[in-house]
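Chemist: Quick one: structure below, then a few questions.
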Amino acid sequence: MKLLLSSIVLFSLLLCSFTFAQQHSDIFSITPQQPKIGDNITITYNAFASGALLKEVKEITALCLVYRGDEDPLVMETSMKQEGTLWKAEFLLAEENAKHIAFQLFSGDTYDDNSRDCWNLLVYGNDGKPVKGAHYSYAQVLQNGGQHFGESKNPDKAKEELTKELELYSENPDAQMFYVRLHADEEKTPETTEKLLGILNSLSETLKENEEKLYGLSFLYSMIGHGEKGKEIENTIVEKNPKGYVALRRALRPYYSEQNTDKAAELFASMVESFPDMDEKTKQSIADNLVYRYTNEKQFDKAEQWLLKAPKPSNVYYNYLAKTMVENDANLEKAAALAQKAVQLNKDIQVSSKPSSMWMSEWEATNKSRLGASLGTHGYALLKLNRFSEAEPVLQEAYTMNDGSSPDINQRYVLAMVNNKNYDNAINTGLECIKNLHDNAKLLEDLKE
């Protein structure tokens, strides 16, 4: 029996090596094929190979996405160097929790991501095996699709990767829970349900000191038709720790199901008192949600109150509230002030706030877009207040930030110039917008005047 199990594990390792050896191709190759933490990884791209998308470019940026288990993924980026017909780049794999890595390349607005499959590589240990969680990490990406690099879903391959993880690390609780989730929706028979139930019962004992994992476990019981067992686990945890993670998650459920926003706000205010150690991320999420709900209901004063109560001021929601107020001609002076605050928040953003999973050009493009939107809202408010001399430079900046691509901002910028008797610039800008098909009917009317 031991010989048989050893043979199965050896076969799995060989199959794994073969599978990931396929990352070597005429277009893209990675060395070493079995990187360990502390290794330098070299990637090579042949832009002249058939199927390569980045041909005849002057520069290529390589992105390396390191999946780190429970931590957010980390993007590393570097400029590739051209060596004859090849492009090369090197990354140091220094993350101690690295599980698996994905690569994609871009030049300007053109990406090569291996037809939405990226190039993936598992991280290995000194024993020559993929580290614990490597196959599981890759299985998650295959099952759910890449949230960062946009990889396509491949449920069948996800199950294959998960099987390899469990063959190497049968005691991995995350992989076991994922196994139940993947198989819970399959055709249920007494035998399969009993098998999944056995896995969950074993995990409930293994994870009895881990509230967050047990909370996920309670939902899995429901998925296999044993919801009462899940509730029993939740009840036990809440009785033991009435101010803990699970108790808070249970308290949040009525908030999300409450359709009346005033009642939802009361529920949240009560929760803040009941859970003084509530994490800032949850507080921010609920406050932002209340701003959104009150804004959509056009209860603008209440929306502003929750905007001010949020742990961190949100440039997105300052602009959302201001824009909705301007569109509804509601307290335009206040709307202009809120939009100006959104602009300042956008301009004050520091690089240190960049999420680890975003690469620099993506982060910069996102901030530029948000700043352009906030400037557009501020300029629109000033325009409606007939403060044309103030509106024009604001809308000019918005026009520049959007590269002249927003018909609404373009029209308002032209209108501000017309009202300021800046006719030559208004005509030139308007004609440029029409030429680039970034105009609207109002812009044409403004030019005729």
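Chemist: Structure shown: which of Lys99/Lys354; Lys213/Lys281; Lys213/Lys309 lie over 25 Å apart, alpha-carbon to alpha-carbon?
Modeler: Values: Lys99/Lys354 22 Å; Lys213/Lys281 19 Å; Lys213/Lys309 31 Å.
In this structure, Lys213/Lys309 lie more than 25 Å apart at Cα.
Chemist: At 222 nm, what value in deg cm²/dmol follows for the chain if DSSP H runs of at least 4 each add -39500 (n - 2.57) and the sum is divided by all its residues, to the nearest 500? It would help to have the intermediate numbers written out before the result.
Modeler: Numbers: 18 runs with 257 residues, N = 449.
Value at 222 nm, helices only: -18500 deg cm²/dmol.
Chemist: When ranked by the protection proxy of mean other Cβ atoms within 10 Å per residue, highest first, what sequence do the peptides 267-277, 160-170, 135-145 form? Show your work: numbers first, answer last.
Modeler: Details: 267-277: 13.8, 160-170: 19.5, 135-145: 23.1.
Put in order of decreasing packing, that is 135-145, 160-170, 267-277.
Chemist: Mind jotting down a quarter of the surface of the convex hull over the alpha carbons of the chain, in square nanometres, one decimal? Don't skip to the answer; put the middle values down first.
Modeler: Details: hull surface 111.2 nm².
Its Cα hull, projected and averaged over all orientations, spans 27.8 nm².
Chemist: Where is the GNM fluctuation largest for the chain (alpha-carbon springs, 10 angstrom cutoff): Ala337, Ala373, Ala98?
Modeler: Its mean-square fluctuation being the largest, the pick is Ala337.
Chemist: Starting from the Cα gyration tensor of segment 165-242, multiply each eigenvalue by 5, take the square root, and state the resulting semi-axes largest first in whole Å. Spell out each step's value before the answer.
Modeler: Details: eigenvalues 88, 51, 15 Å².
Its equivalent ellipsoid spans semi-axes of 21, 16, 9 Å.
Chemist: Once R0 is set to 56 Å, what does the formula 1/(1 + (r/R0)^6) return for the Cβ-Cβ distance between Glu258 and Asn40, expressed as a FRET efficiency to the nearest 0.05? Display every interim value, and only then the final one.
Modeler: On the way: r = 54 Å, r/R0 = 0.96.
Computed FRET efficiency for Glu258 and Asn40 comes out at 0.55.
Chemist: Here's a follow-up. Among Thr324, Thr193, which comes first, second and so on when ranked by fewest other beta-carbon atoms within 10 Å? Don't jump to the answer; show the numbers that get you there.
Modeler: Details: Thr324 18, Thr193 15.
Least crowded to most crowded, the residues run Thr193, Thr324.
Chemist: Checking a compactness column here: for segment 219-269, what do you get for Rg(Cα) / (2.2 N^0.38 Å), N being the number of residues? Before the final figure, lay out the partial values.
Modeler: Numbers: Rg = 13.1 Å, N = 51, 2.2 N^0.38 = 9.8 Å.
Taking the Cα Rg and dividing by 2.2 N^0.38 Å, one obtains 1.34.
Chemist: Another question, if that's okay. Quick one: Debye curve from the C-alpha atoms of segment 273-420, no solvent, what's log10 I(q)/I(0) at q = 0.13, 0.19 Å⁻¹?
Modeler: -0.61, -1.13
Chemist: Once the piece of chain linking Thr400 and Glu171 is laid out straight, how much longer is it, given 0.36 nm per residue of separation minus the C-alpha distance between them? If you can, show how the numbers build up before the last one.
Modeler: Working: separation 229, 0.36 × 229 = 82.44 nm, distance 5.61 nm.
Full extension of this stretch gives 76.8 nm more.
Chemist: Now for a separate question. At a Förster radius of 30 Å, what calculated FRET efficiency corresponds to the Cβ-Cβ distance of Leu182 and Glu205, to the nearest 0.05? Before the final figure, lay out the partial values.
Modeler: Details: r = 22 Å, r/R0 = 0.73.
For Leu182 and Glu205, the calculated efficiency is 0.85.
Chemist: Below 8 Å, C-alpha to C-alpha, sequence gap of six or more: please give me the relative contact order for segment 260-311 in percent.
Modeler: Working: 31 pairs, mean separation 18.5, N = 52.
For segment 260-311, the relative contact order is 36 percent.
Chemist: Taking R0 as 22 Å, what FRET efficiency do you get between Phe48 and Lys81 from their Cβ-Cβ distance, rounded to the nearest 0.05?
Modeler: Values: r = 16 Å, r/R0 = 0.72.
For Phe48 and Lys81, the calculated efficiency is 0.85.
Chemist: Calculate the translational D of segment 381-449 in whole µm² s⁻¹ from Stokes-Einstein, where the hydrodynamic radius comes from the Kirkwood formula applied to all Cα pairs, the temperature is 10 °C and the viscosity 1.306 mPa s. Could the numbers behind the result be given before it?
Modeler: Details: Rh = 11.5 Å.
Translational diffusion coefficient: 139 µm²/s.
Chemist: Okay, moving on. Could you check which residue among Gln396, Gln299, Gln176 shows the biggest mean-square fluctuation in a GNM of the chain with a 10 Å Cα cutoff?
Modeler: Gln299
Chemist: What are the DSSP H helices in the chain that stretch 30 Å or more along their long axis, judged by alpha-carbon atoms, and whose average Kyte-Doolittle hydropathy comes to at least -1.0? Before the final figure, lay out the partial values.
Modeler: Details: long enough: 360-384 (36 Å, -0.43).
Correct list, ordered by number: 360-384.
Chemist: At 0.36 nm per residue, minus the direct Cα-Cα distance, what do Gln305 and Thr163 gain on full extension? Give it in nm, one decimal, please. Please report the intermediate quantities before stating the final value.
Modeler: Details: separation 142, 0.36 × 142 = 51.12 nm, distance 5.10 nm.
Additional length available on full extension: 46.0 nm.
Chemist: Next up: Can you give the relative contact order of the chain as a percent, counting alpha carbon pairs under 8 Å and 6+ residues apart? If you can, show how the numbers build up before the last one.
Modeler: Values: 634 pairs, mean separation 34.6, N = 449.
Reported relative contact order: 8 percent.
Chemist: On to the next question. Using alpha-carbon positions, what is the distance between the centroids of segment 367-433 and segment 216-258, in Å?
Modeler: Each part's Cα centre sits 51 Å from the other's.
Chemist: Still on this structure: Taking 0.36 nm per intervening residue step and subtracting the Cα-Cα distance, what contour gain separates Ser353 from Phe219 on full extension? Present the calculation step by step, with values, prior to reporting the outcome.
Modeler: Values: separation 134, 0.36 × 134 = 48.24 nm, distance 3.32 nm.
44.9 nm is the gain from fully extending Ser353 to Phe219.
Chemist: Can you tell me the alpha carbon radius of gyration of segment 260-311 divided by the globular rule-of-thumb value 2.2 N^0.38 Å?
Modeler: Numbers: Rg = 10.5 Å, N = 52, 2.2 N^0.38 = 9.9 Å.
Ratio of Cα Rg to 2.2 N^0.38 Å: 1.07.
Chemist: Scaled to the compact-protein estimate 2.2 N^0.38 Å, what is the alpha-carbon radius of gyration of segment 50-169, rounded to two decimal places?
Modeler: Taking the Cα Rg and dividing by 2.2 N^0.38 Å, one obtains 1.12.
Chemist: Show which aspartates and glutamates lie in cross-link reach of Lys334 when reach means a straight Cα distance below 15 angstrom and same-chain residues fewer than eight apart are skipped.
Modeler: Excluding near neighbours in sequence, the set is Asp301, Glu304.
Laboratory data are not the source of any read-out in this text; all were calculated from the coordinates shown. Remember, it's a predicted structure, so these values are computed and weren't measured experimentally. Using ideal geometry, Cβ is built from the backbone for each residue, glycine included, and neighbour counts are taken over all protein chains shown.
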